[in-house]
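Down below is the structure, laid out as structure tokens.
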Amino acid sequence: MLANAKKSSSISIKKDLDNNSKYKNKYFMEKLSKNIFFMSALMAVISLFLIIGFVFYKGLTPFFSKGFSMVDFLTGVEWLPGSEKFGIAPMIIASIIATLGALLIGVPVGIFTAVFIAEVAPKKVSKIMSPLIELLAGIPSVLYGVFGLSFIVPLIQNIFNLPKGQSLLAVIIVLAIMMLPTIISVSETAIKAVPKSYKEGSLALGASKIETIFKVIIPSAKSGILAGIVLGIGRALGETMAVILVAGNSPVIPTSITDSVRPLTTNIALEMGYAFGTHQEMLFATGVVLFSFILALNLLLNKLSKGE
């Protein structure tokens, strides 16, 4: 009996030791996983601050140490690096008009397409259209530019009888097409996330399907739709390669949609490769202005999504 008791006690001790070691391994892996997640998040945050810090340092240097005027930089209409004239007003205006024009085309088309896929189209049709929209988002931007240069630019040239079709209108059309996948995908997800009880309640009260979509579903999905629009605006403001091919790249204030333009991103991409000294720093300053636009858009999104 004594021997059996000793055996059972030794077995239980071994089990306790095994359990303890298992718990220790489990806690160790959990702690290790938390540290890995923390380091990953920290790398992302550090990268963001390094990029912002470097761009702002290089971009603000000429204004604090070389006596250049920020007001002249933002309101000047001449960009002549050889004469140290750095005015980006034409580029700011071109970027804003191109983005607003693309929004006027892209937002209605994108939201209506998302509503069609999520609420109106038969399941077979929506299953075909959703992957096609995702495929559109995966097309490299330079191919959009090549398409614009080969199809949209000659079309504008023929319609308006212009010497060349590279213009603000071409930029607007290309950017509107490029914005569509982002707006459609995010808006579709937001619309599908609206609880079915909202739709059922509206229909039960006698509202038609279209009334339910416009008065219940879209307002309920407002935050997600706004997020898609802001992401689309961010892509339009930050697009470079496609715009270079269809803009014409003239640093002048546009007086009509058929004029050749040079947006902010295009200015940086065209000249950064050979710029140095003050010229290079002013291109970084252009990047600061571009970053400020994106930051303002994100702050605006936060306010709109909170209903402030």
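Amide H to amide H distances under 5 Å link TRP79 with GLY87, where only residues 5 or more positions off or on other chains count and H is placed in the peptide plane.
Each residue of the range 261-268 was assigned a 3J(HN,Hα) from its phi angle through the Karplus curve 6.51 cos²θ - 1.76 cosθ + 1.60 (θ = phi - 60°); the sequence is 9, 9, x, 4, 5, 5, 4, 5 Hz, with glycine and proline shown as x. Helical runs (DSSP H, four residues minimum) scored at -39500 (n - 2.57) apiece and divided by the length of the chain put the mean residue ellipticity at 222 nm at -24500 deg cm²/dmol. Result for the chain in a Gaussian network model with C-alpha springs under 10 Å: among MET129, MET29, MET91, the largest mean-square fluctuation is at MET29.
From the cross-link list LYS124/LYS303; LYS31/LYS192; LYS124/LYS192, which pairs have alpha carbons spaced over 26 Å apart? Present the calculation step by step, with values, prior to reporting the outcome.
Numbers: LYS124/LYS303 38 Å; LYS31/LYS192 37 Å; LYS124/LYS192 16 Å.
Correct reply: LYS124/LYS303; LYS31/LYS192.
Backbone geometry of the range 234-240 corresponds, through the Karplus equation with coefficients 6.51, -1.76 and 1.60 at θ = phi - 60°, to 3J(HN,Hα) couplings of x, 5, 5, 5, x, 5, 10 Hz, x marking Gly and Pro. Ranking of ARG262, ARG235 by neighbouring Cβ atoms within 10 Å, starting from the fewest: ARG235, ARG262.
In the range 38-178, the C-alpha radius of gyration followed by the widest Cα-Cα span (Dmax) gives 21.4, 64 angstrom. Placing a label point 7 Å from the Cα of LYS164 along the Cα-to-Cβ line, the residues of the range 253-294 whose backbone N sits under 11 Å from it are 260-261. Using a Gaussian network model of the chain with C-alpha springs under 10 Å, which one of ILE92, ILE172, ILE51 is most mobile by mean-square fluctuation? Fluctuation is largest for ILE51.
For the range 135-251, what is the convex hull volume of the alpha-carbon atoms per residue, in Å³? Don't skip to the end; give the middle numbers.
Details: hull volume 14.7 nm³, N = 117.
Expressed per residue, the convex hull around the Cα atoms of the range 135-251 is 125 Å³.
With the charge dipole of the chain set up from +1 on Lys and Arg Cβ and -1 on Asp and Glu Cβ about the Cα centre, the Cα lying farthest toward the positive end among the listed residues PHE37, THR99, PHE291 is that of PHE37.
Computed from the C-beta positions of LEU80 and SER292 and an R0 of 22 Å, the FRET efficiency is 0.40 to the nearest 0.05. Between PHE276 and PHE112, the simple spin-label model (points 7 angstrom out along Cα→Cβ) gives 5.4 nm.
Which one of LEU100, LEU264, LEU48 has the biggest mean-square fluctuation once the chain is modelled by GNM with Cα springs under 10 Å? Comparing LEU100, LEU264, LEU48 in a Gaussian network model of the chain, the most mobile one is LEU48. The slack in the chain from LYS34 to SER256, taken as 0.36 nm per residue of separation less the alpha-carbon distance, amounts to 74.3 nm. In this structure the amide hydrogen of SER250, modeled in the peptide plane, comes within under 5 Å of the amide hydrogens of VAL261, ARG262, none closer than 5 places in sequence on its chain. Phi angles of the range 132-138 translate, via the Karplus equation with coefficients 6.51, -1.76, 1.60 and θ = phi - 60°, into HN-Hα couplings of 5, 5, 5, 5, 4, 5, x Hz per residue; Gly and Pro are given as x. With +1 on each Lys and Arg Cβ and -1 on each Asp and Glu Cβ, and nothing else charged, work out how big the dipole of the chain is about its Cα centre, in Debye to the nearest 20. Here the size comes out at about 1880 debye.
Order by neighbour count: LEU175, LEU203, fewest other Cβ atoms within 10 Å first, most last.
Details: LEU175 29, LEU203 14.
Lowest to highest Cβ neighbour count: LEU203, LEU175.
Just so you know, all these numbers are worked out from the coordinates, no wet-lab data involved. What you are looking at is a predicted structure, and each value in this text was computed from that prediction instead of being measured. Because the Cβ atoms are built from the backbone with ideal geometry, glycine has one as well, and the counts that use them run over all protein chains shown.
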